[in-house]
Structure formats: C-alpha cells, structure tokens
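S.K.: One structure, as structure tokens, below. Some questions next.
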Amino acid sequence: MSNYEETKPAKGGVIANIFAALAFLALGICLLVLNADSVSDMIYSFASIAVGACFICFGAYYMIKYFFKQEYKSICNYGFTMGVILAIIGSGFLFLSNVVVVFLDFIIIFAGALLGTIMLQQSFALFYMRKATWFLSFLFGACSIAASIYFGFFEKIVFFSGNLIPCLYFIIIGGLSLLSMLLMVIGIHGHKKEANVKPAKHTEEVSAPEDSIFEDEPSFETPVVEKVELEPGSDDLFDE
C-alpha cells in the first residue's frame, strides 16, 4: 500500500467527534458564565433525552447507509449491526433516564476518555502520513485520557457543582479535540497534494532520455580503400 494513498474519513465518525467536542465546549462555557444551578437542572432534566436521541439518530444513519451504499455486498461490513446497537443504547437512555442521571458524571468521564482516544488515533494517522503535527495530537490525547482517569478514579469531582475545575475540564478537552481534528484535516489535505505530485514526478523521470554511457568514448574512422578496376586485357599492373 502506498504512503500516498488517498484517505477517506468516515463522515458519521467525524460528525460525532465534532458534536461531542462542541458539546464539551458549550457545557464548560455555560458553567463558567451562567448560573451553575440552572445549568445543572437543565442538564439533569434533558441529558438522557439528548443523549438517547443522538444515539438513535446515529443508529438510524448507519442502518440506512448500509442499504443505500450497498454495504451488504461486503462480508466484513457490520454497519447495520452497529446501527441496531446504537439504537438500542439510545432507547435505553430514553426509558431509563433515572439511571442515566445517577451515572452522568461517569458518562462524562467516559466521553472525555473517548475523545482522548480519538485524538491518539488521529496522531497515529498523522504519523503514518509523515506529518510533524502527529506529536501534538498524541500529546492532546494522552493528556485528555490522563485527566479523565485522574478525575474518574482518584480525585472524583461533581461536574455540575459550579467549581472551576469541571469548567476547565470541559473547555480544555473540547478545545483540544477540535484542534486535533483541525490538524487531521490539514494533514489529509497535504497528504492528497503529495499523492498528486509524486506520480507526476515519477512519470517525468521515466520519460526523460538517459545519457549514453559511451558518450565520451573516442570514435575511430576506418579508412576507405578505393577499389581499382582494370580493363580486360590491360597490362598496367605489370608496368614498371
């Protein structure tokens, strides 16, 4: 496989990544600017509905795409199964809203760690495309995962308490996720340009005439001996 092979990102995954990052940013800014109690009441009231609706929408998207894109022709494609699983999870969020509210902090920690994992995957893709920005995405992802593990298991925090640390957690992880996505888009754009330039250069090199290795060697001319024709019966050859 060529390093300059065109990369086609999955649209559903990109949309979900951008949506989650924007949701983190919006939550952090709202908790920082608005009244924390009103924001927390709104989140606890509509969190299960919003999350469940998102899962159901993405599940429906994968199921519809499975038939319209004729993905059933591929043995290893499980888009329909993924869509069904997402729809079931979304339905669970809708009908078990009380359970969702209880585990909302854990769900947020899990979402932050998931965004960090996506950043790590983007860093691996940038490294494969030989982009120097891979280290930034790797650093963003590692910091996001480390912060999620720390706040989830060692220093447990209540995200909607109005403290500054949860606000910074939302804003930083959401911002880093968007920045890593931007680095990925720039890397793919440069990767496509290199894929178009390299075959053209290769064609020019193949079509260019090669210099002969015998170009500088001396050449020798063979002297031409004139042929003397004698008339029949002539004795000129024996004349002194």
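The values are calculated or read from the model by the stated rules, or taken from the named source; none is laboratory data. If you're wondering where the values come from, they're calculated on a predicted model, not measured in any experiment. Glycine gets a Cβ as well: all are built from the backbone with ideal geometry, and neighbour counts include every protein chain shown.
S.K.: Go through region 63-81 and give me each residue that's aliphatic (A, V, I, L, M) and surrounded by 17 or more Cβ atoms within 10 Å (Cβ to Cβ). Explain how you work it out, then say what you get.
M.R.: Filtering region 63-81 for residues aliphatic (A, V, I, L, M) gives 63-64, 75.
Of everything in region 63-81, just one residue is aliphatic (A, V, I, L, M) and surrounded by 17 or more Cβ atoms within 10 Å (Cβ to Cβ), namely 63.
S.K.: Please go through region 70-86 and give me each residue that is among the aliphatic types (A, V, I, L, M) and over 21 Å from the mean Cα position of the chain (by Cα), ordered by number.
M.R.: Just the residues of region 70-86 that are among the aliphatic types (A, V, I, L, M), to begin with: 75, 82, 84-86.
Hits for region 70-86 are 75, 84, 85, 86.
S.K.: Does residue 173 fit the bill of being over 17 Å from the mean Cα position of the chain (by Cα) and loosely packed, with under 15 Cβ neighbours inside 10 Å? Please lay out each step first, then the result.
M.R.: Details: over 17 Å from the mean Cα position of the chain (by Cα): yes; loosely packed, with under 15 Cβ neighbours inside 10 Å: no.
When the stated conditions are applied, residue 173 does not pass them.
S.K.: Here is a further query. Which one is nearest to the chain's Cα centre (by Cα), of the residues in region 110-154 that are farther than 26 Å from residue 165 by Cβ and of a type in the set (Phe, Trp, Tyr)?
M.R.: 124
S.K.: Here are 14, 33: which of them is closer than 30 Å to residue 168 by Cβ, surrounded by 12 or more Cβ atoms within 10 Å (Cβ to Cβ) and either modelled with pLDDT of 80 or more or polar (S, T, N, Q) (or both)? Quick ask: steps written out before the conclusion?
M.R.: Working: 33 fails: surrounded by 12 or more Cβ atoms within 10 Å (Cβ to Cβ).
Just one listed residue meets the conditions, 14.
S.K.: I've got another one for you. Working carefully through the options 97, 137, find the one that is of a type outside the set (D, E, K, R) and under 18 Å from residue 49 (Cα atoms).
M.R.: Only one candidate passes the filter, namely 97.
S.K.: Looking only at region 50-62, count how many residues are surrounded by fewer than 17 Cβ atoms within 10 Å (Cβ to Cβ) and within 20 Å of residue 170 (Cα to Cα).
M.R.: 1
S.K.: While we're here: Output yes when any residue across region 36-49 is among the hydroxyl-bearing types (Ser, Thr, Tyr) and within 24 Å of the chain's Cα centre (by Cα), and no when none is.
M.R.: Here is the first cut: in region 36-49, the residues among the hydroxyl-bearing types (Ser, Thr, Tyr) are 38, 40, 44-45, 48.
Subset that is within 24 Å of the chain's Cα centre (by Cα): none.
There is no residue in region 36-49 that is among the hydroxyl-bearing types (Ser, Thr, Tyr) and within 24 Å of the chain's Cα centre (by Cα).
S.K.: Looking at (1) in a helix (DSSP H, G or I); (2) loosely packed, with under 15 Cβ neighbours inside 10 Å; (3) of a type outside the set (Val, Ile, Thr), can you tell me which one residue 161 breaks?
M.R.: (1)
S.K.: Moving to a separate point now. Restricting attention to region 171-197, and to residues there that are touching a Ser or Thr at 6+ places or on another chain (Cβ under 6 Å) and β-branched (Val, Ile, Thr), which single residue is modelled with the highest pLDDT?
M.R.: Residue satisfying both the conditions and the ranking: 173.
S.K.: Can you tell me which of 164, 168 is farther than 18 Å from residue 106 by Cα and modelled with pLDDT of 70 or more? So that I can check it myself, show each step before the final result.
M.R.: Values: 168 fails: farther than 18 Å from residue 106 by Cα.
Matching residue, one of 164, 168: 164.
S.K.: Only residues that are of a type outside the set (A, V, I, L, M, F, W, C), in contact with a Gly (Cβ under 9 Å, 6 or more places away or on another chain) and touching a residue at least 60 places away in the same chain (Cβ under 8 Å): list them for region 131-174, please.
M.R.: Listed by number, the residues that qualify are 131, 166, 169, 174.
S.K.: On the given criteria, is residue 39 in a helix (DSSP H, G or I), at pLDDT 85 or above and more than 21 Å from residue 181 (Cβ to Cβ)?
M.R.: On the way: in a helix (DSSP H, G or I): yes; at pLDDT 85 or above: no; more than 21 Å from residue 181 (Cβ to Cβ): yes.
Judged against the criteria, residue 39 is not a match.
S.K.: Do we find a residue being without any contact (Cβ under 8 Å) to a residue 12 or more places away in the chain and of a type in the set (Lys, Arg) anywhere in region 54-68?
M.R.: no
S.K.: If we keep just the residues of region 55-69 that are under 18 Å from residue 94 (Cα atoms) and aromatic (Phe, Trp, Tyr), which is farthest from the chain's Cα centre (by Cα)? Can you show your working first?
M.R.: First, pick out the residues of region 55-69 that are under 18 Å from residue 94 (Cα atoms): 55-60.
Checking which are aromatic (Phe, Trp, Tyr) leaves us with 55, 58.
Details: 55: 22, 58: 19 Å.
The qualifying residue farthest from the chain's Cα centre (by Cα) is 55.
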